[in-house]
1. Give the separation of the Cα centroids, the stretch 392-409 to the stretch 1-56, in Å.
2. Report, please, the projected area of the chain averaged over directions, based on the convex hull of its C-alpha atoms, in nm².
3. Would you kindly state how much longer the chain becomes between Asn124 and Ser457 on full extension, computed as 0.36 nm times their sequence separation minus their alpha carbon distance, in nm to one decimal?
4. Over all distinct Cα pairs, what is the inverse of the mean 1/r for the stretch 388-511, reported as the Kirkwood hydrodynamic radius in Å?
5. Helix 409-418 versus the longest principal axis of the chain: what is the Cα-based angle in degrees, 0 to 90, to the nearest 10?
6. Using the count of nearby Cβ atoms within 10 Å as a rough guide to exposure, how do Phe478, Phe435, Phe456 rank from fewest to most?
7. I'd like the orientation of helix 338-354 relative to the chain: the angle between its Cα long axis and the longest Cα principal axis, in ° from 0 to 90, rounded to 10.
8. Taking amide H positions as placed 1.01 Å from N in the peptide plane, with prolines and chain starts having none, which residues 5 or more places from His186, or on another chain, fall under 5 Å of its amide H?
Amino acid sequence: MSRPYAVFVGLPGSGKSTMARHIAEIIGIESADTDDLIVADQGKSIPEIFDDVGEPGFRAIEERVITDALTSFGGVLALGGGAITSAKVRTALRGHRVVLITGSQEILLERVTRNPSRRPLLLNSPDENLRRLRSEREPLYEKVSTLTVETDTRPPIHLAREIHAQLAQDATVIDVKDYAVHVGNHLDHRVAQAASAASSALVVHPEALTEKAERIVREIELRGVPAERHVVPSGEEQKHSSELIRAWDHLGQLKMARDGVVIGLGGGATTDLAGFIAATWLRGVELIQVPTSLLGMVDAAVGGKTGIDTPAGKNLVGAFYKPLTVIADLESLWTLPADELRAGLGEVIKCGWIEDPRILQLTKEPEKLLDPSSAELREAIISSISVKARIVTEDFKESGSREFLNYGHTLAHAIEKVENFTVRHGEAVAIGCVFAAALARECGMGDRVDEHIESFSAVGLPVTYEKGNRQALVDAMFSDKKIRAGRLRFVLLSAQGKPTIVEPTPEQIERSWEAVKA
Ligand code: NAD
């Protein structure tokens with residue numbers, strides 16, 4: 001599934017097709033005009049279709065062609081002038097970036113009378129008809145548009161550059177020490193730009209991201225850099241030494257030099273593996289992380305931890321290795337399975353608890369957090385990355401505050417281990433955070449247990465854990481890296497809500513189980 005970079009709407013003569021074409025050229029992607037898609041679909045010209053089936057017949061064909069393009073075309077799309085009169089098209093446009101081009105009657109009239117044959121509705125009395133279309137359609141354009149610009153008499157490329165700058169600004173850039181995380185929509189060209197100084201590129205990705213990987217490879221090659229794809233198994237299976245060796249072999253065939261770049265495109269498992277491949281090939285080549293799962297965006301790809309698993313445990317072999325840049329393209333979330341999106345919210349809400357109460361407020365509208373097109377999810381992602389960015393900038397190698405990011409993780413890791421990693425990480429974190437809140441209550445640090453339960457269960461994350469045997473969980477917690485002198489150490493929230501490290505007594509731990517019992 002792909003979605004257009006942007007959709008242009010406007011009255012006949014507004015120049016929406018020209019704008020779409022210019023912007024596509026600036027970025028290096030395709031453009032399409034829905035009238036041309038209809039002509040290709042029907043094998044007839046627009047006036048012939050009007051003659052054969054009339055305006056209602058034409059609108060029905062247009063509706064189908066547009067709703068298809070909105071879920072399959074990844075370029076810049078210009079919509080036929082009357083398309084938005086269809087309620088179905090207006091609904092299908094929700095969540096898209098829709099640019100409305102307006103213009104004075106004089107400018108539009110001059111343009112439409114230059115080429116009347118393409119515009120059957122304006123053949124007679126163009127001035128009067130254009131005024132009528134304006135009064136009928138302008139309120140509908142305004143309803144669907146997310147950006148409005150006014151066309152003028154300058155060469156169209158000037159306006160196109162202005163619109164492109166506005167659309168590109170749409171990405172938020174968050175600074176981490178020495179690199180930046182870009183969050184926005186349709187950012188493949190940024191990945192290609194970041195790779196354009198390299199002598200070669202290898203895009204490491206699982207099967208599910210093939211379409212996006214192909215687009216990225218095309219865009220990199222357009223900039224004169226040889227690029228190839230390297231497909232890895234999905235999920236944890238790829239974090240295996242055999243996959244590392246396979247990737248090294250591919251890099252050898254590609255003859256990747258020190259100025260090459262490895263691109264990790266996928267969930268956290270892929271960015272972990274790709275990061276370690278980049279860290280080890282020729283003792284380190286550039287790395288671009290392109291996380292495509294919510295967990296990857298807010299956690300795994302930010303912070304420079306890379307690695308693979310061994311039979312002795314998860315993430316036992318790895319390196320701290322900083323990427324050149326991280327590019328979180330929110331478009332990826334459209335193909336992410338719903339349960340993976342929900343699980344990623346576990347880490348997002350955890351960030352709310354340790355540092356950013358605004359994220360907790362956002363859980364009051366859970367349906368928005370579960371909607372890939374919502375401004376609320378985008379805000380939550382940016383806020384979570386900002387929390388992680390601030391903490392890892394302060395403590396890259398986890399000798400101090402970085403431990404706070406492990407809020408809820410002592411029990412979460414134990415659950416994942418006991419369940420043989422069949423429970424998603426974010427789900428385990430949700431249960432672990434409720435347990436941490438119960439421990440804090442036991443330790444006299446304030447009672448926020450119910451608020452924790454509410455925040456995670458609002459988005460459908462689990463807050464109780466009934467399976468598994470308690471002793472196995474305790475044993476698994478004792479293998480946690482925060483253990484010191486045989487005492488379990490937890491990140492808990494103080495009475496003021498600040499994260500701090502606490503060593504509860506075995507009795508306090510025992511009494512806290514009650515809070516997560518099913
Ligand atoms: P994952 O990488 O296994 O992805 C989950 C599933 O979603 C996979 O099947 C993947 O192929 C698929 N997928 C991802 N993006 C998709 C998309 N846009 N469309 C369709 N399918 C898509 O799991 P995850 O939850 O993203 O990450 C978990 C991994 O991250 C674990 O290995 C964990 O150890 C690691 N991690 C690392 C850090 C770190 O700091 N390095 C932090 C947290 C987690």
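1. 50 Å
2. Hull-based average projected area comes out at 26.5 nm².
3. 113.8 nm
4. 14.8 Å
5. 90 degrees
6. By the 10 Å Cβ count, ascending, the order reads Phe478, Phe456, Phe435.
7. Tilt relative to the chain: about 60 degrees.
8. Here Leu330, Glu331 satisfy the definition.
No value in this document is a laboratory result; all are computed from the given coordinates. Remember, predicted model here, so these are calculated numbers, not experimental data. For neighbour counting, all protein chains shown are included, and Cβ atoms are generated from backbone atoms with ideal geometry for every residue, glycine included.
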